[in-house]
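Colleague: Starting off with a structure, shown below.
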Amino acid sequence: MTKALHSPRFWLLTAAAVLVAGTTFSLGQWQLRRAAQKEALQAAVDSKGRLPALDAQSLLTAKNITDDIHRPAVLKGVWRPEHTLYLDNRPMSGKTGFVVLTPLVLEGTSQAIVVQRGWVPRNFADRTRLPEISTPAGVVTVEGRIAPPPSRLYEFKGVESGRIRQNLDLPAYRAQTGLPLLEVSLLQTGAAGEGLQREWAAPNLGVDKHYGYAFQWFGLCALVFILYGWFQLVLPFRAHRTQSTSPRRPKSGDQLP
């Protein structure tokens, strides 16, 4: 056992084990810190969801409109259905279809906001066919929560046109419509209606993912210690103990009693 402790191989494996264990432990701690940060952000998102609903005046007079993301809002205005868009390849409840966007010109102003009105399935037999939805005329009241513009999917270069699009390029859409669109959107909530479903996923920043990664890194760190202890300490000790307690075999030339 003492001889093994002085071998270069023993110290090389010890240094490698310490390096791997230290690295995996540090990565586990980093994931825990990320989880704590995400939990703080999630708490802020949840607290915004409990604030009183914004109206158009409150939204337009906000110092930084993006600070109101995730906050409830009840907005009155007039739809501009001629500018309705259908974002393709958008899932809801395990199915793929369109998220429908329509600008809403806020009552008493010239400002407009893009409303994510809901989801509709697409016709896979005719991919160019638009689903039927209804858009009320006149002043309407829309309930929802302030949200960023729809998330972007992979797309080829170039500005998209037409009703069916992969993504919403807000500056280009603003220029195409001629409407002074706000930098945020409204995610319409409530019961299904107008041919649209609204089973939006709750805002989730993925805190559980970081805890899962932390568990994996800490588990790997523990595994390194277990394997190191077994192969570098336990097995050599048992082998040394077996050799020291086993009877010595007589050598040739030894005088027998």
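Where a number appears in this text, it was derived from the coordinates with a stated rule and is not lab data. Bear in mind that the values here come from a model prediction, so they are computed numbers and not experimental data. Neighbour counts are summed over all protein chains in view; Cβ atoms, including those assigned to glycine, are modelled from backbone coordinates with ideal geometry.
Colleague: Given the options ARG33, ARG241, ARG50, state which has the largest fluctuation in a GNM of the chain using a 10 Å cut-off (strictly under) for Cα springs.
Modeller: Of ARG33, ARG241, ARG50, the most mobile in the Gaussian network model is ARG241.
Colleague: How big is the shadow of the Cα convex hull of the stretch 1-124, averaged over all directions, in nm²?
Modeller: 15.6
Colleague: According to a simple spin-label model (label point 7 Å from Cα along Cα-to-Cβ), what is the distance in nm between LEU130 and ALA172?
Modeller: Label-label distance for ALA172 and LEU130, simple model: 1.8 nm.
Colleague: Determine the principal axes of the Cα atoms in the stretch 62-131, then give the extent along each, sorted from largest to smallest and rounded to whole angstroms.
Modeller: Answer, in whole Å and largest first: 46, 26, 16 Å.
Colleague: Once both labels are modelled 7 Å past Cα along the beta-carbon direction, what's the GLU194-GLU107 spacing in nm?
Modeller: 1.5
Colleague: Just to be sure I understand, if you calculate semi-axes √(5λ) of the Cα gyration tensor in Å for this structure, which of (i) 26, 23, 20; (ii) 67, 21, 15; (iii) 33, 25, 15 do you get?
Modeller: Of the labelled values, this structure produces (ii).
Colleague: Nearest 10 degrees is fine. How inclined is helix 207-228 to the longest principal axis of the chain, computing both from alpha carbons?
Modeller: 10
Colleague: Okay, next question. Could you work out Rg/(2.2 N^0.38 Å) for the stretch 52-198, with Rg from alpha carbons only?
Modeller: 1.01
Colleague: For n ≥ 4 DSSP H runs only, could you compute -39500 (n - 2.57) per run for the chain, divide by its residues and tell me the 222 nm figure to the nearest 500?
Modeller: Taking each H run of at least 4 residues, the total per residue is -12000 deg cm²/dmol.
Colleague: What length, rounded to one decimal in nm, is gained on full extension from ASP46 through to LEU227, with 0.36 nm per residue of separation minus their alpha-carbon distance?
Modeller: Net length gain for the segment: 60.8 nm.
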